[in-house]
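A short worksheet on the structure shown next.
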């Protein structure tokens, strides 16, 4: 019987050893999987915390970005309003300056025109007087000097030139007046 027991023990050992080894391996594999799952759970928890922190930072960043965008929009609106005001003031100033320049131009033109008329009149009077002097000299039996004749020619040429300029200015003024009206 001892042999039977020995055979049973050896057979039981041969049967139980693989079963125990398989059970131990299953237990170790299960424990390894549980440890893996615990690690994965810890990693997932850390990832969730990181995602929550990232979301909080992103929303804070979005709020800051929106605040900066609002400030930029306000600054742009203020700049636009300022540019419009400057443009309006520049236009008003340009209109005032243009009006003053037109007045100055009119004054200068009218003064120049009056001066030209006065010079033309003086030249005409001088020409009349020179003709009278020449006539009186001829009546007295003397021929006029070459200087007197040359001076009279210059006076008459200048009188004709001024007369033409005055006529041109009068025509240009008439055209300008019809365009303005």
Legend entry - Relative contact order (percent, whole number), the chain, Cα cutoff 8 Å, 6+ residue spacing: 17
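Could you list 130, 25, 1 in order of exposure, starting from the residue whose Cβ has the fewest other Cβ atoms within 10 Å? It would help to have the intermediate numbers written out before the result.
On the way: 130 18, 25 10, 1 6.
Sorted ascending by nearby Cβ count, the order is 1, 25, 130.
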Legend entry - Using alpha-carbon coordinates, inclination of helix 2-139 to the longest axis of the chain, degrees: 0
Legend entry - Angle between the chain longest axis and helix 146-180 axis [Cα atoms, degrees, rounded to 10]: 40
Inset, instruction - Estimate the FRET efficiency between residue 80 and residue 47 by the formula 1/(1 + (r/R0)^6), using the beta-carbon distance for r and 35 Å for R0, to the nearest 0.05. - result: 0.15
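Would you calculate a helix-derived [θ] at 222 nm for the chain, using -39,500 (n - 2.57) for each DSSP H run of n ≥ 4 and dividing by the full residue count, to the nearest 500?
-36500 deg cm²/dmol
Per 0.36 nm of contour for each residue apart, how much would the distance between residue 3 and residue 116 grow if the chain were fully extended, relative to their Cα-Cα spacing?
Difference between extended and current length: 24.8 nm.
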Legend entry - Extension gain, residue 93 back to residue 10 (0.36 nm per residue minus Cα-Cα distance, nm): 18.0 nm
Legend entry - Candidate values (i) 1.04; (ii) 1.02; (iii) 2.00, label of the one derived for Rg/Rh (Cα atoms, Kirkwood Rh): (iii)
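No lab work stands behind these numbers, since they all come straight from the coordinates. Predicted model, so just to flag it, every value in this text is computed and none were measured. Neighbour counts run over all protein chains shown; Cβ positions are idealised from the backbone, glycine included.
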